[in-house]
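Peer 1: Here's a structure for you.
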Amino acid sequence: MKATAGVFFLGLLAGVLATDSIEAQSSSSRCADCHFANPRAASRWHLSEWDHSAHGRANVGCEKCHGGNPDTFESFLAHQGMLGPQNPASPVHRSNLPKTCGACHPGPFAAFQKSRHYELLREGNPDTPTCATCHGGVGAYLLSPKALASECASCHAPGKTVPRADYPAEGKIILSSVREVRASLDEAKGLINRVKDKARRESLELELNDARVPLTEAIHAAHMFVFDQMQDRLQAARKRAELLMEQLANPQSSSGK
């Protein structure tokens, strides 16, 4: 009986593992799997960026942006209906990219629609920035402050299309501030997770969420390219972050309120 039970258990375990394996495979991107397996596949660097991006980690497959059929390994069927990025009707054509990204990121898209850059994009201007300009083709990164300043200077510099030399420098400073505030709040989150007292931890988490609100508002203002509003919201977020860190550093004073 023991041997029979053991065989049954092993068989059951194998079945469970096989089911988990099938589910894992079905949740991954077949598009990426096939292209990675094909040594002659185009845009291998694009695939690698996707694999390291938040989209890749969340199994947001290629078809979400490019279209196509992710449920088959047949090349013709998989690519049926797809259009190249140079085709004005393609969802990844630069003029359509904000709408495509906005399907999952409605907040940034709504903000970008209020910007002058969006107006220029709709007018067919080939130089105006799109989502990919700052975030890369698959959202794998955000430009560094220096890279952002350089990108802005391609249009906003003496002798350029819009000679506003202050824009690149101001954008660089503000993006640096965004990084600093975000890092401070991330540090606060880590410290809050270590607080053992449940009531105090929940109270601190509420304050952390309050501090993140103006940071989110600053990021929305960034997609509108409204620097004054960004500065105002960042200042509010920085003050809340400093107060939160002070409470974490001095638990005695905060608990004695």
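Peer 1: Quote the relative contact order of the chain in percent (integer), defining contacts as alpha-carbon pairs under 8 Å separated by 6+ residues. Before the final figure, lay out each step's value.
Peer 2: Details: 256 pairs, mean separation 31.1, N = 257.
So the answer I get is 12 percent.
Peer 1: Still on this structure, please answer the following. So, with a 1.4 angstrom probe, what is the percent of accessible area on the chain that is carbon and sulfur? Write out the running numbers ahead of the final one.
Peer 2: Numbers: 9440 of 16380 Å².
Carbon and sulfur together cover 58 percent of it.
Peer 1: Moving on. Subtracting the Cα-Cα distance from 0.36 nm times the residue separation, let me have the gained length for R182 to E119 in nm, one decimal. Walk me through the numbers before you get to the answer.
Peer 2: Working: separation 63, 0.36 × 63 = 22.68 nm, distance 2.98 nm.
Net length gain for the segment: 19.7 nm.
Peer 1: To continue, here is another question. Taking every pair of distinct Cα atoms and averaging 1/r, then inverting, what Kirkwood hydrodynamic radius in Å comes out for the chain? Walk me through the numbers on the way to the answer.
Peer 2: On the way: mean 1/r = 0.0453 Å⁻¹.
One over the average 1/r among Cα pairs gives 22.1 Å for the chain.
Peer 1: Can you work out the FRET efficiency for the pair Q86 and A165, with r the C-beta to C-beta distance and R0 = 25 Å, to the nearest 0.05? Numbers along the way, then the final one.
Peer 2: Numbers: r = 33 Å, r/R0 = 1.33.
It comes out at approximately 0.15.
Peer 1: Still on this structure: Apply 1/(1 + (r/R0)^6) to the Cβ-Cβ distance of F73 and A103, taking R0 = 25 Å, and write down the FRET efficiency to the nearest 0.05. Could the numbers behind the result be given before it?
Peer 2: Details: r = 26 Å, r/R0 = 1.03.
Computed FRET efficiency for F73 and A103 comes out at 0.45.
Peer 1: Determine the relative contact order of the stretch 129-172: mean sequence separation of Cα pairs under 8 Å and six or more apart, normalised by residue count, in whole percent.
Peer 2: 29 percent
Peer 1: Under a crude label model (7 Å from the Cα following the beta-carbon direction), how far is S144 from H93 in nanometres?
Peer 2: Result for the modelled spin labels: 3.5 nm.
Peer 1: So, R0 is 51 Å and r is the distance between the beta-carbons of E63 and N250; what FRET efficiency does that work out to, to 0.05? Can you show the working numbers first?
Peer 2: Working: r = 51 Å, r/R0 = 1.01.
For R0 = 51 Å, the calculated efficiency reads 0.50.
Peer 1: Can you list the lysines whose alpha carbon sits under 21 Å from that of K146, skipping same-chain ones fewer than 8 residues off?
Peer 2: K160, K172
Peer 1: Also, quick follow-up: Leaving out same-chain residues fewer than 8 places away, which aspartates and glutamates sit with a Cα under 19 Å from that of K196?
Peer 2: D186, E187, E205, E207, E246
Peer 1: In square angstrom, what is the accessible area per residue of the stretch 64-194 with a 1.4 angstrom probe?
Peer 2: Numbers: 7780 Å² over 131 residues.
Per residue, the stretch 64-194 has an accessible area of 59 Å².
Peer 1: Another one. Measuring from a point 7 Å past the Cα of H52 along Cα-to-C-beta, which residues in the stretch 135-151 have an amide N at less than 16 Å?
Peer 2: Answer for the stretch 135-151: 135-144.
Peer 1: From the square roots a ≥ b ≥ c of the eigenvalues of the alpha-carbon gyration tensor of the stretch 134-240, which class results: rounded (a/c under 1.5), prolate (a/b over b/c), or oblate? Mind showing how you got there, number by number?
Peer 2: Values: a/c = 3.38, a/b = 2.40, b/c = 1.41.
Taking the square roots of the gyration eigenvalues as a ≥ b ≥ c, the stretch 134-240 is prolate.
Peer 1: How are the C-alpha pair distances of the stretch 165-227 spread across 10 Å bins, as whole percents from the shortest bin up?
Peer 2: Percent of Cα pairs in each bin: 20, 41, 24, 13, 3, 0.
The values are calculated or read from the model by the stated rules, or taken from the named source; none is laboratory data. These numbers come from a predicted model, not from an experiment. So basically every Cβ, Gly included, is an ideal-geometry build from the backbone, and we count neighbours across all protein chains shown. Remember, those area values only see protein heavy atoms, side chains included, never the ligands or the DNA or RNA. Shrake-Rupley method; radii C 1.70, N 1.55, O 1.52, S 1.80 Å.
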